Amino acid sequence: MEKLLYIALFAPLVSSLFAAIFAQRKKMQLVGIVASLLIIISFLASSALLSHLLSGGAVVTANLMDWIVVGDMDVKFGFMVDQVTAVMMVVVTLVSAVVHVYSNYYMEHDEGFNRFFSYLSAFVFSMLVLVMSDNFLGLFIGWEGVGVCSWLLVGFWYYKPDQPREVNPSISPSWAANEAFIMNRIADLGLLVGIFILYWNLGTLTYSEVFANLDKLSGGLMVAAAIALFIGAMGKSAQFPLHTWLADAMEGPTPVSALIHAATMVTAGVYLVIRANPLYSQVPDVGYFIAVLGTFVAIFAASMALVNRDLKRIIAYSTLSQLGYMFAAAGLGAYWVALFHLAAHAFFKALLFLGAGNVMHAMDDELDIFKMGGLKKVMAKTYLYMGVASLALAGIWPFAGFYSKDTILEVAFNEHTYGIWFVLWLTAGLTAFYSFRQVFLVFEGDERYKKYGFHPHEAPNWVFIALLPLLVLAIVFGWWKEEFMEFVTLILPPYEMSEETHHVAWILILLTSAIAIGGIVLAYIKYANGLKRDPKIENSFIYKLLQNQYYIPVFYDKAIVKPYAELSDIAWKEIDLEMIDATVDGIAKAIEVTGDKSREIQNGNLSTYLRWMVAGFIIITILAVVSVVIK
Amino acid sequence: MSLTLTHYLILSVILFVIGMIGVIRRKNLLMLFFATEIMLNAANVALVALSSYIGDLTGQLFALFIMAIAASEVAVGLGLLILVYKKQGTLDLDNLTLLKG
């Protein structure tokens, strides 16, 4: 079993290094094929581990080596595959494998083909380190690793020039990459502080030991650790107020958005909360805060998706919104439900993104859905795939999203947090509306693209075969809800609905389905028969507010970035140049001048030297006499 | 009036100062040698006088050492002086400034 673990972990690393060898060369199809195969191997190994655990096998652990042994500190480079990790591994490697295969199509004309695979595989490796580590430090390494890979991949087309915010809200790939990285760094400080608190007070970083000794922490420390860890999760999972980077990260190639910014990396924060569930169960207030924040983000992001015209940004906001659902569930203590939604979401959201990638490819990288329309004639298969993904996202029976989202709503009801339930219920309607607004605007109605001179074409068949696993899972994954629950609650705390909730469950399901279907119908009425733009609505305050993301990016720009830049300018010109540089220069100058002046002593005349020697002798004599007298 | 330690020491100081002035003022390398010899012997006078005053022979032994070393130093030094003179044609310090930095 240990071998399987190492194969799953290191196959992506080998893939990355292999691709890196050819990174500077022209496109080599071989690189794409080898990388895809290695990721598939990793997926197979992960599946084998999952089936081992499914058949009642023991948790697999492996200790690669001693990592840090300093004084009392002893951190091992250890890995552990338990039920949660196995689920995460299979989700990550499956989506990664599909995305790798898909990238062979999407990046076929890109000059950086080999480089792309190197980064992508490196990401998979980092993500696996993150989920497989058996201690917080390993998690942190993976956490930073995925951050770096995200930076590399968002900024993949780093040479694109900056544009004003009105033209392109994310300015440029390199700008977006830096924004994502810096925001994550801010949050990572929180994660680090959390890890420090745990280490200082418990003297260990291994999950099992930390959680076994939690009662040694005082209440205040526990709250502090929980909050600090959650701040880290907020950054990675783009929760408010650190959410702006996720939409801007759409500057990266679409497979990257599908893999990193929808299915895997952004769910790392949810994974952290699920993993640290013994800690969060002890501090229900923090849990409640997480749930409220998640609920807020769910509706907040969904509202921004309502009016956006950018194909990828809409999906990015929906990701944000769904992450909010996951945090709501995790915060309310239903950890397995959060994990269930995480997995279901990974499948249908990756599918949605890759479908959007097909559309982009067909439309020469055009993203404005107002310029599309009527694509179903040429892209019927993509319509089917994206339609299924959107149905799953909207939570329509019997697709995956229905089961996971409904369970979250039931949890909210069961906890008697009716406010959370109501907002999430409303968000379900918004979700259905915006996802089908997008689908209908792209595929139904009048063929607006003709006016702009596009010649769309469908992707080759093998691409759809590659996407098939995601399509199937987006449909059937929810059917395994009971089995999933039994499997992961072996290590996660079980969550039982009360008798009362059981009785009203069918009403809740009806209500949720009703609002979801209502949203779809509304979208159909408004957008399926072509785009009719209403300048009155588009110029209204709310529309503008939503379109400009509540002016939060502008606010950050004005309130944080600009003052910080000015502060840096002052620090550079006033403090660094005037004070620090001047001091250093002054010392050097003083030495130079003294040297220059005293150089004259050395004129080569022995007589002068001797006079100086005598002068020195006299000074020393005087000093000796004085010191004797003083004594 | 008999000779006391003070007299010897004053003599030593006078000799030393004479030697030192010679070192400072003289421009001829040979004269510098003489001046250093005077200074060395000033130290010898002080050593012997103090040794006799304290009743410890070490000082007088030390004076003998200094004489021996001064003799060998003069031997080597004079050899070098001759070489310098052969090469440069002068012993005037103002003209011997090869080491100017």
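The values are calculated or read from the model by the stated rules, or taken from the named source; none is laboratory data. Computed from a predicted structure; not experimentally measured. Positions of Cβ are generated from backbone atoms using ideal geometry, with glycine treated the same way; all protein chains shown enter the neighbour counts.
Per-structure values
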item	result
Residues located in the stretch A:475-526, provided they are assigned to a loop (DSSP other than H, G, I, E, B) and of a type in the set (A, V, I, L, M)	A:Leu490, A:Ile491, A:Leu492, A:Met497
Qualifying residues in the stretch A:548-607 (those that are of a type in the set (Lys, Arg) and more than 14 Å from every other protein chain (Cβ to nearest Cβ)) - the one farthest from A:Ser303 (Cα to Cα)	A:Lys589
Counted residues, the stretch A:248-262 - those being in contact with a Phe, Trp or Tyr (Cβ under 8 Å, 6 or more places away or on another chain) and within 16 Å of A:Gly235 (Cα to Cα)	3
Scope the stretch B:70-82; condition away from every other protein chain (no Cβ under 14 Å) and touching a residue at least 12 places away in the same chain (Cβ under 8 Å); matching residues	B:Ala70, B:Val74, B:Leu78
Condition check for B:Leu64: surrounded by 12 or more Cβ atoms within 10 Å (Cβ to Cβ) and in contact (Cβ under 8 Å) with a residue 24 or more places away in the chain	no
Answer from A:Phe79, A:Phe43 - the residue that is within 30 Å of A:Asn201 (Cβ to Cβ), modelled with pLDDT of 90 or more, buried (at least 18 other Cβ atoms within 10 Å of the Cβ) and within 24 Å of the chain's Cα centre (by Cα)	A:Phe79
Filter result for the condition that a residue is aliphatic (A, V, I, L, M), touching a residue at least 24 places away in the same chain (Cβ under 8 Å), farther than 25 Å from A:Phe370 by Cα and crowded, with 24+ Cβ neighbours inside 10 Å, over A:Ala346, A:Ala305, A:Ala301, A:Ala316	A:Ala346
All positions within the stretch A:180-198 that are crowded, with 18+ Cβ neighbours inside 10 Å and more than 20 Å from the chain's Cα centre (by Cα)	A:Ile197, A:Leu198
Residues being more than 13 Å from every other protein chain (Cβ to nearest Cβ) and loosely packed, with under 11 Cβ neighbours inside 10 Å - total across the stretch B:83-99	4
Hits in the stretch A:200-218 - residues which are part of a loop (DSSP other than H, G, I, E, B) and among the hydroxyl-bearing types (Ser, Thr, Tyr)	A:Thr204, A:Ser218
Candidates B:Leu83, B:Leu57, B:Leu29, filtered to the one that is touching a helix residue (DSSP H, G or I) at 6+ places or on another chain (Cβ under 8 Å) and farther than 27 Å from A:Ile618 by Cα	B:Leu57
Qualifying residue in the stretch A:228-235 (condition: surrounded by fewer than 24 Cβ atoms within 10 Å (Cβ to Cβ) and touching a helix residue (DSSP H, G or I) at 6+ places or on another chain (Cβ under 9 Å))	yes
Extreme residue, farthest from B:Gly77 (Cα to Cα), among residues of the stretch B:1-35 that are of a type in the set (S, T, N, Q) and at pLDDT 90 or above	B:Thr6
Residue in the stretch A:148-163 that is without any contact (Cβ under 8 Å) to a residue 40 or more places away in the chain, buried (at least 21 other Cβ atoms within 10 Å of the Cβ) and in contact with a Gly (Cβ under 8 Å, 6 or more places away or on another chain) present	no
Search result, residues across the stretch A:143-172 that are of a type in the set (A, V, I, L, M, F, W, C) and under 17 Å from A:Asp368 (Cα atoms)	A:Val167, A:Ile171
Test set (1) in contact (Cβ under 8 Å) with a residue 40 or more places away in the chain; (2) in contact with a helix residue (DSSP H, G or I) (Cβ under 6 Å, 6 or more places away or on another chain); (3) of a type outside the set (D, E, K, R) - A:Val554 fails condition number	(2)
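Rundown of residues vs (1) farther than 30 Å from A:Ile274 by Cα; (2) touching a helix residue (DSSP H, G or I) at 6+ places or on another chain (Cβ under 6 Å), yes/no style:
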| position | (1), (2) |
| --- | --- |
| A:His345 | no, yes |
| A:Met372 | yes, yes |
| A:Ala380 | yes, no |
| A:Leu391 | no, no |
